[in-house]
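Asker: I'd like to ask you about the structure that follows.
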Amino acid sequence: MNELQFSLPSHNPFSEAEFWGRHKELVAICRYLLSEAPRSCAIIGEDTFGKTTLLQYLSNAQEMLVVEHPELNSLLMQLKKKFVFVYLNCAGYGDEVADDMKDLASARFWWDLYDAAWEKLHGGKSPRLTKPKLHADQEYIDTALEIRWELEDLVQNHSCKVAFVLDNFEGVAHLPLRDSEWLRSMARVCTYVVASRDLLYLLYHPSNWSTPSPLWNLFGDPIYLKLPPIEEIEHFLGKASDRARSENSVWKQSDIEYIRKMAGRHPALLRIACASMFECRLQESRMLARKQSLGDESYLNYSIDNSAGPICMQLWQGLARPELRNEPRDTDKQQEAAPSLSLHQRALLDIAKGPTGTREALILPELDAYEKQKILFDLEQRDLIEYKEVWHVFSEAMRRFVLKQEPVSASSAILLQDPSGWQREMPGLTHQEKKVYDYLKAHRGELCPREDIKWAVWQGNEPTNSALQKIIERIREKIELDPDNPRYLIAVRGKGYILRED
């Protein structure tokens, strides 16, 4: 294989995420918020399907562009006049935080929400309160409550209605239940738009469901964020082709069909495929001008697979979570050892094995018809598979990734158990640590250059090499028996890192 790796320089028009489409979902959100009594709304969808991009676009209502749909344009203009949107990414506040740190995480959540609201409502002025710090004698519950009251006064006294846009709402659900109760009590002076991977009630432990007025009762029917419809994909690819041509990267119709096959209707995979195609055709035009040839195009597949790895890993790992089975995650009990593959993962693997699709009889043949239909329904509802006479994985990039998981799953204990039989538990990783670790797992056994890791994880806002090294060191502390003498996560001087397979 010609492993030419694209650098995706800043002039690549597809190197950064950009909002497009989602007209149906925007109309639904607008109607919730513009009803006579503004209603909170929850957006439910798989990770990487575009929830964050949608919420960030909504949060910048003052900068919203005039769109080509008159009805939507009118609704967006009304939102600009009626609401101020305060965005907060809630990932990681309470997830896997030690019990004795939950109260501090709670106080910092309220501070971040307060700080974001102050910046939006009184930009340029210093907030009245200060950020809570780690002190042994600090009463964090009192600190959180003080910030919450200050936030409510701030919101209540503003001329426009405030809509808090809470991304990755799972982080809030993992905080003490009182935080959700406080958010609910604030709903008399504000409204909420939240995004989550699962229905909100599934994020709370069943022992808490009897609590009066839990937060999720504020929300009406969820807005499901699925993959964009084909007409939005065609519109995007048409504009993408024109944009590439304007910068001397000329795409043929077969190139556009290749992008559609590799990415399916997944927005992030489409951007990755377009970025790689842009570089490929640009390099090709330069080399042809020098009467040279790029030769085999296998590097194009390599480039897309390499960049798509973290996204595919997130989707794959999501198929093992209990919420997918409509079961709340039990945070109070020791979770039993999970099987190497969940039923949903095994079904996706069975489908991926058929290069041109898979007949239903070959999928999970040990299950009865009802159980099999339930699994396939879940996968289809999440747009991970499509039915066209036979079942298909939604994109070729994802199909190839899934096929790589079979030999790994057969020996899944390699990274979890050493030869002496010592079983290591994987403690909670922070949001950034998890993204780096997921990338390394997607390329286990391969040398991952530092720049490739930084691009895949941060995509345009890369940290320094020393900052990446600190993240690697924190990951080692959680996966290695002896972090000072690592056995699994190895550094290659001057080049990058390898997560070993053996």
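The values are calculated or read from the model by the stated rules, or taken from the named source; none is laboratory data. This is a predicted model, so every value here is computed, not measured. As a convention, Cβ positions derive from the backbone with ideal geometry for all residues, glycine included, and neighbour counts pool all protein chains shown. We work out accessible area using only protein heavy atoms, side chains counted, and drop any ligands, DNA or RNA first. Shrake-Rupley method; radii C 1.70, N 1.55, O 1.52, S 1.80 Å.
Asker: Could you give every pair whose Cβ atoms fall below 7 Å, whose first residue belongs to the range 373-397 and is farther than 15 Å from ARG265 by Cα and in a strand (DSSP E or B), and whose second residue is open to solvent by less than 30 Å² (accessible area, probe 1.4 Å) and of a type outside the set (Gly, Ala, Ser), counting only separations of at least 6 or pairs across chains?
Answerer: Final answer for the pair search is VAL390/THR358; TRP391/ILE351; TRP391/THR358; TRP391/ILE363; TRP391/ILE385.
Asker: Which members of the range 481-496 meet the condition of being crowded, with 16+ Cβ neighbours inside 10 Å, more than 30 Å from GLU18 (Cβ to Cβ) and not hydrophobic (A, V, I, L, M, F, W, C)?
Answerer: Correct list: PRO486, TYR488.
Asker: Looking at the range 55-77, which of its residues are at pLDDT below 85 and outside any loop (DSSP other than H, G, I, E, B)?
Answerer: ALA61, GLN62, GLU63, PRO70, GLU71
Asker: Moving on. What are the residues in the range 160-174 that are out of contact with any strand residue (DSSP E or B) (no Cβ under 7 Å at 6 or more places or on another chain) and open to solvent by 10 Å² or more (accessible area, probe 1.4 Å), if any?
Answerer: The answer is ALA173, HIS174.
Asker: State yes or no: is ARG474 more than 16 Å from GLN317 (Cβ to Cβ), of a type in the set (Lys, Arg) and assigned to a loop (DSSP other than H, G, I, E, B)?
Answerer: no
Asker: Of all residues in the range 459-468 being without any contact (Cβ under 8 Å) to a residue 60 or more places away in the chain and open to solvent by 50 Å² or more (accessible area, probe 1.4 Å), which is farthest from ALA275 (Cα to Cα)?
Answerer: SER466
Asker: Quickly run through the range 432-454 and pick out the residues that are more than 16 Å from ARG493 (Cα to Cα), part of a helix (DSSP H, G or I) and of a type outside the set (D, E, K, R).
Answerer: Matches in the range 432-454: GLN432, VAL436, TYR437, TYR439, LEU440, ALA442.
Asker: If you check ALA263, ALA268, which single one turns out to be modelled with pLDDT of 95 or more and closer than 30 Å to ALA42 by Cβ?
Answerer: ALA263
Asker: For the range 78-107, which residues satisfy the criterion of being at pLDDT 85 or above and β-branched (Val, Ile, Thr)?
Answerer: VAL84, VAL86
Asker: Among the residues of the range 17-44 satisfying the criterion of being farther than 23 Å from ASP383 by Cβ and not in a helix (DSSP H, G or I), which is nearest to the chain's Cα centre (by Cα)?
Answerer: Among them, the one singled out is SER40.
Asker: Okay, next question. For the range 220-279, give me the residue count where each residue is surrounded by 12 or more Cβ atoms within 10 Å (Cβ to Cβ), within 30 Å of TYR192 (Cβ to Cβ) and without any contact (Cβ under 8 Å) to a residue 24 or more places away in the chain.
Answerer: Looking only at that region, the number is 0.
Asker: Determine whether the range 320-343 contains at least one residue that is at pLDDT 90 or above, not in a loop (DSSP other than H, G, I, E, B) and not polar (S, T, N, Q).
Answerer: yes
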